[in-house]
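Written out below as structure tokens is the structure these notes cover.
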Amino acid sequence: MARLERQLPDPKELFSLLNFPLPSLNRRDARLSKAADIPDLRKIAKRRTPKPAFDYVDGAAASEFTYRRSREAFDSVELIPRVLAPTPNIDLSTTIAGKKTSLPFGIAPTGFTRFMHSEGENGGAAAARRAGIPFSLSTMGTRSLEEVAEVSQEGRRWFQLYLWKDKEASLDLVKRAWDNGFDTLLVTVDTPVTGQRLRDARNGMTIPPKLTLKTVLDASYRPEWWFNFLTTDSLKFASLSDSATDLPSLINNMFDPDLSMEDLEWIRSVWPGKLFVKGVLTPEDALRMIDAGADGLVVSNHGGRQLDKAPLSIQALPGIREAVGPDVEIILDSGILYGSDIIAALALGADFVLIGRAYLYGLMAGGEEGVTRVIEILEQEMRTSMALMGISTIEQLKGSGQVKPQWDSQVKSQWRPTHEETHPSPLR
């Protein structure tokens, strides 16, 4: 065995290794800086958010089979590296719906957003504005079209509209969206009825939440959430109503199983901007939507929150791209948690991607700053992957052939509940 020659450490070298940063007075920044990926932000969100609100985001329909399979499909995609292929200047900008965006992803429309964090859509819109990406406001948003426009300022904003019973109310929303600078309409067509959200049923989730013994106990672990909730304005569908008291009637009248293609054609006739249809999963439906006047498609299974055991968005994407051809813009929605997921979607036929759960994990973890952290993480993951793949631009990525899906649609999910899911520990 070789003998080690020992010596006293050089004080100068020793002191250069000592680096004790001062504790940050901004606890939110300190908390978020420790998150290395979106799952880290999810863990923070779970600690800081009441269970009904967290599960509303984290859950899916029925057995949540579609949601789990979606994650497995993304995880099975291979990214092929290229060596000795310099990429000194990686450009993640792209064009979608007629305008340039700094990154190839934007924030998806989400409902009840201030239930997750008091900053709600305002936090998401402000973070999106700074990042140079689109922010999408939902019909079921908890900040109004006018409020989001004021926060977004010069930022790009889209509006999501449900095809619902009240055409007069729909026309009013469409006009207000256009008047407030929303340039693209996302018409959601996969909600003739709401999916079976079993976590919500088991949690007894209500909007607004009721102060039962259970919720008071839950609040004791999350005082900041409850303080913000109780000291800010009431939760409501802000673009539809000024009151929280009529939420049940609004929800009951929102969805209509009798809606048809004629309703979509009517929306096309009254909307002057770009129109994308959200919720398409088959080539046949994709072609029907284009024939009805859609400018583009959002391939989406609603994050697995509507029809359980539905096709996976990422697996449906290549067939839809083949059916509609190269000139129709396609946005991929559902299941994005990593920058490599965005790379996979773009390479397999998408022009753009929307993030929903990932955005809300960041919002719950730290409001506007948490959303900014989500965007930073996804951007850095994309840059690192593209550098290792020897790819400099989004267009180069699309034609590279360096993304290989390995999924087999016949393979059954191997998911089993973890100990944490079957025996949850006390939340702190």
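Data table
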| read-out | value |
| --- | --- |
| FRET efficiency estimate (nearest 0.05) - Cβ-Cβ, residue 388 to residue 16, R0 25 angstrom | 0.20 |
| Long pairs among 165/278; 167/236; 167/309, criterion Cα-Cα beyond 26 Å | 167/309 |
| Theoretical ellipticity at 222 nm over the chain - DSSP helices of four or more residues, -39500 (n - 2.57) apiece, nearest 500 | -13000 deg cm²/dmol |
| Under Karplus coefficients 6.51, -1.76 and 1.60, residue-wise ³J(HN,Hα) of the range 219-234 in Hz, glycine/proline x | 5, 5, 8, 9, x, 5, 4, 5, 4, 5, 5, 7, 10, 10, 5, 5 |
| Solvent-accessible area, 1.4 Å probe, carbon plus sulfur percent, for the chain | 55 |
| Computed over the chain, the ratio Rg/Rh where both radii use C-alpha atoms and Rh is Kirkwood | 1.00 |
| Label point distance in nm, residue 7-residue 84, each placed 7 Å from Cα along Cα→Cβ | 4.0 |
| Per residue convex hull volume, Cα atoms of the range 1-151, in Å³ | 314 |
| Karplus-derived HN-Hα couplings along the range 196-202 (A = 6.51, B = -1.76, C = 1.60, θ = phi - 60°), whole Hz, x at Gly and Pro | 7, 8, 5, 4, 5, 5, 5 |
| Karplus-derived HN-Hα couplings along the range 119-130 (A = 6.51, B = -1.76, C = 1.60, θ = phi - 60°), whole Hz, x at Gly and Pro | 6, x, 4, 4, x, x, 5, 5, 5, 5, 4, 5 |
| Förster-model FRET efficiency, 22 Å R0, residue 47 and residue 380, C-beta, rounded to 0.05 | 0.40 |
| Label point distance in nm, residue 322-residue 213, each placed 7 Å from Cα along Cα→Cβ | 6.0 |
| Computed over the range 105-182, Kirkwood Rh from alpha-carbon pairs, angstrom | 12.4 |
| Residue 91 paired with residue 202, simple spin-label distance in nm, labels 7 Å along Cα-to-beta-carbon | 4.9 |
| Residue-level accessible surface for residue 271, protein heavy atoms, 1.4 Å, Å² | 10 |
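The values are calculated or read from the model by the stated rules, or taken from the named source; none is laboratory data. A quick note: this is a predicted structure, and the numbers were derived from the prediction, not measured. Please note: Cβ atoms are built from the backbone with ideal geometry, for glycine as well, and neighbour counts cover all protein chains shown. Surface accessibility is based on the protein's heavy atoms, side chains included, excluding ligands, DNA and RNA. Shrake-Rupley method; radii C 1.70, N 1.55, O 1.52, S 1.80 Å.
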